[in-house]
Structure formats: C-alpha cells, structure tokens
Amino acid sequence: MDRTHRIALLGGDGIGPEVIAAGMTVLEAAGSRFGFRLDATELGWSSRRHLEEGAMMPPDAIQVLAGFDAIYLGAVGSPDVPDHETLWGLLLPIRQRFDQYVNLRPVRLLEGVASPLRGVGPGDIDMICVRENSEGEYSGVGGRVHRGMGHEVATQVDVFTRKGVERIVRYAFELAATRRGHVTSVTKSNAGRHAFVFWDEVVEEVAAEHPAVELDHVLVDAAAAFFVTRPERFDVVVGSNLFMDVLTDIGAAIQGGMGFSASANLNPDGGVPAMFEPVHGSAPDITGRGVANPTGAIWAGAMMLDHLGEGEAAAATMAALEAVLAAGVVRTRDAGGAATTEDLAAAVAAAVTG
Ligand code: IPM
Ligand code: MN
C-alpha cells in the first residue's frame, strides 16, 4: 500500500492559498510517481477568520496541528488587520509552541534565474542560512507603559539563552560539515556588548568541537554588504532571529526575488510537526490575479518531502523545478515572463512525472 503523510495546509492570506495550491499540484505529482499519498487538510486559519471569528486560529490549534506530520504554510498578513496581531496570532506561536528553533533558508541562484547582481551566475550564490527561530529579538518580551503620554516607555527585550544559542550553532556546524565546511556567524558584538558577546563565546565553544569546519565572525552590517558584493564567500550562515530575518530578504533578492525563496521551520529534536513556507509575504497587490511566483512554495514543498522521508521524491521535485526554470520557457511575471502561477506548477508537475 502507498505511504500516506498527513499535511496541515495553512494557505493563510493573500497569495498564500494560490502558491500552496500550486505547490500541492507538484507534490501530488511527485507522490503519484514515487508511491506515496498526501492526506492534506486545509484548516482555513487566516486574517479572514480573525475578522469573522475574532482569532486567527481556534484555541486548540496547537493540539490540532500536532496531529499532522507536517505543516505547509502560504503567507500571513492582511491590510485589514494589524501585522503584529496576525503574526502573533498564527505564525510566531506555531514556531514557538513546537519549538521549531531552526529556520533553514537556502539561498541558491538556480540556472535560468537572473540575479540582480552584475556578473553573478549559478555557482556564485550557494549558501544556506540558519536562522535562530525561537528566541532572541522575537522572544516577545517587553512592554509599554504610560501610553500616549509624554513620558511613554516601550521596551523590547532580546533574550538569548545558552541552550538556545548552543543548539542553533551546533546545527549550523553539523550542516556545514556536510557541505563546504564553512560557517559564518553573524552578530553585532561591537555594539551589543552583552548578548552578542555571549553568542560569540558560545560559537567559539561549539567551533572547538568541530575542528574540520572553518569559522568566521562577521558583523551584521558587513554581512549585509557582503551578501551583495561577495556572496560566494558564504556557505552556512548562522545568526539571531532578527538579523537573519533581514539578511534572508537580501538573500531572496540576490537569488532572483522574494518569489524564489523557501524555508523550513524545524525542531530537530523531533516529536512535533515541522512547518514549510515560502519566504515571501501575502502580496496583497497581486492577490487573486494568478500571477504569483510559486517557486518558493514548490521549493519549500520539496524540503517538506525530504523531511517526511521521501528523499528521492524531494530530489526529483527540485530537479524538475530547476529544469523548468533553466529552460526559461515558462516564466512568471516577476521573472519577466507571462506565465501564471498554475502554468509554472503544471510545467513542474509534468517534469516530475517525466
Ligand atoms: C519571515 C517573516 C516573518 C518573520 C514575519 C511575517 C513575522 O518576515 O518569515 O521572514 O519575521 O519571521
Ligand atoms: Mn522575513
């Protein structure tokens, strides 16, 4: 009998449902070729639900999600609801409650995709960003007092724990050992003299366990510049939640645009579902027009297959996506073509089934 994987679909807002539908077209094609079934349930949690029912997710959302093997998420964010409410109502609590402390973001320029960087081709951009995804600047600690008054105060406290830093840095070193053996740790320890100096010290301790992996420390401002001027110097890049949030948008830009970028939210300790999503947002300006680039969603879907133990299908999905992009015939609007979201998905699905 075919293997079955239970997938929670959270299309979410804007173009989210469109790119997730496109991704599912491809993943189902992979399933039919490699002999597994995706038992997918769209949960409908979104900003619309927030407007209609007062919350992004039901109270038992985490228990519901815990019953799935993986979560496939589109995008969250709507012009009708403040972003901090939608994100703290769905995306961020899922990452935190399942302790998905690794946010993995490959930044690779695929053949046939144009980077905005001059003279840069595939092979020049091939890094993987390891974003700390559970604490740091996203801990949610802080508060506001004396609202609206002249002496109003707001604090947003960055929280770094030894456990939190050690585990993400160790993940980065182990990943580098399977790649080109180089880790760049990104901080701002010249100005952030407490937390980032601590981060650097933990990195040195973990580095001592991995003598075969080369390490360098780069300040985040310099790293931002190097992503543009010398992207080839990066293999594995590890950093805090906010710094890597920002750097991975630069990463998406240099690999062809936001539509090309994928991510996985993982708890390597296991026992809880991982979550896979494109890096782009809900893009209200192009919602409902069928023109969104589903590449990031398809790529994230391939990462999900890999995570589900369908390594062969994952590799075939990536190969199909890369072949279609390299051929350059089916290109979405952001890549200078006229293909729709569905056109690209259909072409990749056809390439998967061969
Ligand atoms: C991302 C997004 C989110 C983040 C937002 C929507 C909260 O920008 O996944 O990169 O900052 O983590
Ligand atoms: Mn982001």
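Residues to consider are Ala223, Ala195, Ala177; find the one that is buried (at least 16 other Cβ atoms within 10 Å of the Cβ) and either under 22 Å from the mean Cα position of the chain (by Cα) or in contact (Cβ under 8 Å) with a residue 60 or more places away in the chain (or both). Step through it out loud before you land on a result.
Values: Ala195 fails: either under 22 Å from the mean Cα position of the chain (by Cα) or in contact (Cβ under 8 Å) with a residue 60 or more places away in the chain (or both); Ala177 fails: buried (at least 16 other Cβ atoms within 10 Å of the Cβ).
The unique qualifying residue is Ala223.
Out of the residues in segment 116-164 meeting the condition of being part of a loop (DSSP other than H, G, I, E, B) and of a type in the set (Ser, Thr, Tyr), tell me which one is most open to solvent (accessible area, probe 1.4 Å).
Residues of segment 116-164 that are part of a loop (DSSP other than H, G, I, E, B), as a first pass: 116-125, 133-135, 146-152, 160-161.
With of a type in the set (Ser, Thr, Tyr) added as a condition, the list becomes 134, 161.
Working: Ser134: 22, Thr161: 55 Å².
Checking each candidate, the answer is Thr161.
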Cross-chain or 6+ apart pairs with Cβ under 8 Å, segment 32-56 first and on the phi < 0 side of the Ramachandran plot and basic (Lys, Arg), then assigned to a helix (DSSP H, G or I) and open to solvent by 60 Å² or more (accessible area, probe 1.4 Å): Arg33/Thr353
Residues within segment 313-349 that are open to solvent by 40 Å² or more (accessible area, probe 1.4 Å) and in contact with a helix residue (DSSP H, G or I) (Cβ under 6 Å, 6 or more places away or on another chain), tallied: 2
For Val246: the one exception among (1) open to solvent by less than 70 Å² (accessible area, probe 1.4 Å); (2) within 16 Å of ligand 2 (Cβ to nearest atom); (3) among the β-branched types (Val, Ile, Thr): (1)
Count - residues of segment 286-301 that are free of Cβ contacts under 8 Å to residues at least 24 places away in the same chain and over 16 Å from Asp13 (Cβ atoms): 0
Residues within segment 249-282 that are among the aliphatic types (A, V, I, L, M), within 11 Å of ligand 1 (Cβ to nearest atom) and open to solvent by 10 Å² or more (accessible area, probe 1.4 Å), tallied: 2
Any hit, segment 211-219, residues being buried (at least 17 other Cβ atoms within 10 Å of the Cβ), under 30 Å from Ser32 (Cβ atoms) and more than 12 Å from ligand 1 (Cβ to nearest atom): no
Residue list for segment 47-73, filter: under 21 Å from Ala262 (Cβ atoms) and away from ligand 1 (no atom under 12 Å from the Cβ): Leu65, Phe68, Asp69, Ala70, Ile71, Tyr72
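Report yes if Asp285 is more than 16 Å from ligand 1 (Cβ to nearest atom) and out of contact with any His (no Cβ under 8 Å at 6 or more places or on another chain), otherwise no.
Working: more than 16 Å from ligand 1 (Cβ to nearest atom): yes; out of contact with any His (no Cβ under 8 Å at 6 or more places or on another chain): yes.
Spelling it out, Asp285 is indeed more than 16 Å from ligand 1 (Cβ to nearest atom) and out of contact with any His (no Cβ under 8 Å at 6 or more places or on another chain).
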Every residue from segment 201-212 that is part of a helix (DSSP H, G or I) and in contact with a Phe, Trp or Tyr (Cβ under 8 Å, 6 or more places away or on another chain): Val206, Ala207
Subset of segment 286-309 (residues that are farther than 17 Å from Ala252 by Cβ and open to solvent by 10 Å² or more (accessible area, probe 1.4 Å)): Thr287, Gly288, Arg289, Gly290, Val291, Asp306, His307, Leu308, Gly309
Check on Asp69, touching a strand residue (DSSP E or B) at 6+ places or on another chain (Cβ under 6 Å), open to solvent by 60 Å² or more (accessible area, probe 1.4 Å) and more than 16 Å from ligand 2 (Cβ to nearest atom): yes
Residue list for segment 171-200, filter: of a type outside the set (Gly, Ala, Ser), more than 18 Å from Phe243 (Cα to Cα) and in a helix (DSSP H, G or I): Phe173, Glu174, Leu175
Identity of the residue in segment 232-243, within 14 Å of ligand 2 (Cβ to nearest atom) and open to solvent by less than 10 Å² (accessible area, probe 1.4 Å), that ends up nearest to the chain's Cα centre (by Cα): Asn241
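If only one of Thr229, Thr184 is surrounded by 18 or more Cβ atoms within 10 Å (Cβ to Cβ), among the polar types (S, T, N, Q), away from ligand 1 (no atom under 16 Å from the Cβ) and closer than 24 Å to Ser115 by Cα, which one is it? Even if it seems obvious, please write down each step before you answer.
Numbers: Thr229 fails: surrounded by 18 or more Cβ atoms within 10 Å (Cβ to Cβ).
Matching residue, one of Thr229, Thr184: Thr184.
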Conditions (1) more than 21 Å from Ile20 (Cα to Cα); (2) open to solvent by 60 Å² or more (accessible area, probe 1.4 Å); number of the one not met by Arg48: (1)
Close pairs from segment 267-280: first among the polar types (S, T, N, Q), partner open to solvent by 20 Å² or more (accessible area, probe 1.4 Å) and within 16 Å of ligand 1 (Cβ to nearest atom), Cβ under 6 Å, at least 6 apart: Asn267/Asp99
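The values are calculated or read from the model by the stated rules, or taken from the named source; none is laboratory data. Please read all numbers here as calculations on a predicted model, not as lab measurements. All Cβ positions, even for glycine, are placed from backbone atoms using ideal geometry, and neighbour counts span all protein chains on display. Ligands, DNA and RNA are stripped out before the accessible areas are found, and what is left, the full protein with its side chains, is counted by its heavy atoms. Shrake-Rupley method; radii C 1.70, N 1.55, O 1.52, S 1.80 Å.
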